[in-house]
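In what follows, a structure is listed as C-alpha cells, so that the remarks can point back to it.
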Amino acid sequence: MKSYYLMHKNNPVLEFSHYNETLKFLNREEAPFSIRKMPETYETIQKFCQSRVMIESRKYRDIIIRSCNVINSSPVSLCLTGGAFTFRDSYWIREKDGFERWKDVNLYQNKISEKLAETALTGEESDIRILDENEGNISGEITGLGSKAKCFFKEGGHICMAKHIDEDSIVAEVLSHSVAQAMNLSSAVYTREFVYDMDCSVCHIKTNENVELITARDVLMHYECPMKFGTDYYQLFMKVDPVNFMRMQLFDYITLNVDRNKDNFALYTENGKVQGLYDVFDHDSCFQGISENAIYYVTGAKFSDSYKMFRETYPGAFEKVRPDIENLYVYLKGPGKALFDRHDRARWHGGTLRRVTMLLEL
C-alpha cells in the first residue's frame, strides 16, 4: 500500500500511511509548527489536514469536491487529492516513491487551475483533475480557509485572492486599509474588481517560496491552549512583535472588527526565521454595527477588558502605539473623512472617529 511524505519544499519531514494509519517523523525541527510536538501517531496527520482544508461551511465546498472527483472527503483524502498545497506555506504531500520536485509543483512557479478557481468563486460545477500529469494543474482552493466564496488567480506577476461578498463588505475591506495605513499598521490592500463576472474584493498575496505564515491556529495547536489573553499563544505574538500586535488589537476595536479569528492573523517567517506580524487581512466585517461590547477573539474577552489588560501588562508597547492613534485621529478629521464620504459611508466614519476619540481620552 502507498506511503506518503509530508514535504517542506524538497525535504520530507514525516512519513505516513493512509491505509495502515501509521506515521513517523523524519525531521521534527522542519515540520509544521502546529504539529511539531505531536506524537508519532496517525492522528497527527489527521489534525494537520483538518486544519488545512476547507471548512464545512465554506460556500460551494460540495461543488468544489465533486468537481475534483473526490469520493472520500475526509481531510486527509482532500489533502492527498490536492497535494495539500496552500499559499500560506511551503508544505505539501507526495507519494513516498514519487519523483516530483518542489520547483515543478509549487503554486508560485507553476500554473494553477483557472477552472477550479472559477468553480470556487462562482459555484459552477466542472470536471477537474488536480495533479493529473496530463493536465498539469495544481491549486490552492482545497486549502482555502474561510466560509465565503473565493478563489486565487495570477495577474501581472502577482498572486491574487478574490472574495465574492456583498457591497458593504467590499467597501469595508477597501476602507480598512486606509485606517490601518494611517495608524502605521501593515495591511492587505483591497480593490473592488470583477472576477469571473463576480463583484469581488481583491488583494495581493504577499507570501512566496521564502516567506511563510504561522497562523494563530498553528500557534494554538502547538501550545494546545485556548485563544485567551496571557496564554502561551498570546505571549508568543507579544514576544515576537508587540507593537504591531497591539496596533492590530486597537485597529480591530476602532473598526469594530470582532472577526479576528484564528485563521486571519499570523506571524511570518523568512527563510525559516520568524520576523514579525504578517500584514493584517480579512476585514469584510469591519464598520458594520457590531456591538462594541462583543467578545474580542484575540483575547477571549470584551474589548474594554482586553484594552485594560494589555495597557497594564504591556505598558511599553502601549506607549509606542499611542502616537499612531493620534495620527489616525488627524487623518480621520481630514483626508479620511473625504475617503469615507466618497464611498458614501459617513455613518461608518462617525463611529470610527468616536472610538478613536474615546481611546485618546482614556
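Here are some notes:
- Evaluating Glu312 against the criteria (1) farther than 27 Å from Val189 by Cβ; (2) under 28 Å from the mean Cα position of the chain (by Cα) leaves one unmet condition, (2).
- Residues in segment 347-362 that are farther than 18 Å from Ser169 by Cβ and not acidic (Asp, Glu): Gly350, Leu353, Arg354, Arg355, Val356, Thr357, Met358, Leu359, Leu360, Leu362.
- The residues listed here are His343, His349; of these, the one that is over 30 Å from Asp232 (Cα atoms) and touching a Lys or Arg at 6+ places or on another chain (Cβ under 8 Å) is His349.
- Qualifying residue in segment 186-202 (condition: part of a helix (DSSP H, G or I) and either touching a strand residue (DSSP E or B) at 6+ places or on another chain (Cβ under 9 Å) or at pLDDT 95 or above (or both)): no
- Residue within segment 329-345 that is aliphatic (A, V, I, L, M), under 25 Å from Leu175 (Cβ atoms), buried (at least 16 other Cβ atoms within 10 Å of the Cβ) and over 24 Å from the mean Cα position of the chain (by Cα) present: yes
- Of all residues making up segment 140-169, the number that are hydrophobic (A, V, I, L, M, F, W, C), over 14 Å from the mean Cα position of the chain (by Cα), under 24 Å from Gln288 (Cβ atoms) and assigned to a strand (DSSP E or B): 1
- So Thr269, is it within 30 Å of Arg347 (Cα to Cα) and not assigned by TED's automatic domain parsing to the domain that holds Pro32: no
- For Phe303, the requirement of being among the hydrophobic types (A, V, I, L, M, F, W, C), buried (at least 19 other Cβ atoms within 10 Å of the Cβ) and closer than 25 Å to Ser178 by Cβ is met.
- Test result for Ser291, assigned to a loop (DSSP other than H, G, I, E, B) and over 20 Å from Glu209 (Cα atoms): yes
- Flag if Leu332 is hydrophobic (A, V, I, L, M, F, W, C), in the same structural domain as Phe265 (by TED's automatic domain parsing), out of contact with any His (no Cβ under 8 Å at 6 or more places or on another chain) and modelled with pLDDT of 95 or more: no
- Segment 306-323: number of residues that are farther than 20 Å from Val258 by Cα and among the polar types (S, T, N, Q): 1
- Number of positions in segment 285-302 that are modelled with pLDDT of 90 or more and not hydroxyl-bearing (Ser, Thr, Tyr): 6
- Of all residues in segment 42-56 being touching a Ser or Thr at 6+ places or on another chain (Cβ under 8 Å) and among the hydroxyl-bearing types (Ser, Thr, Tyr), the one that is farthest from Asp218 (Cα to Cα): Tyr42
- When segment 250-263 is limited to residues that are crowded, with 23+ Cβ neighbours inside 10 Å and touching a residue at least 60 places away in the same chain (Cβ under 8 Å), the one that is farthest from the chain's Cα centre (by Cα) turns out to be Ile254.
- Scanning segment 221-235 for residues that are surrounded by fewer than 19 Cβ atoms within 10 Å (Cβ to Cβ) and either outside any loop (DSSP other than H, G, I, E, B) or not assigned by TED's automatic domain parsing to the domain that holds Val298 (or both) returns Tyr223, Asp232, Gln235.
- Residue match in segment 120-136 (condition: surrounded by fewer than 22 Cβ atoms within 10 Å (Cβ to Cβ), farther than 25 Å from Ser201 by Cα and among the basic types (Lys, Arg)): yes
- Lone unmet requirement of (1) of a type in the set (A, V, I, L, M, F, W, C); (2) within 14 Å of the chain's Cα centre (by Cα); (3) outside the structural domain of Val356 (by TED's automatic domain parsing) for Ala172: (2)
The values are calculated or read from the model by the stated rules, or taken from the named source; none is laboratory data. Quick caveat: nothing in here was measured; it's all calculated off a predicted structure. When we count neighbours, we look across all protein chains shown, and the Cβ atoms used for this are built from the backbone with ideal geometry, even at glycine.
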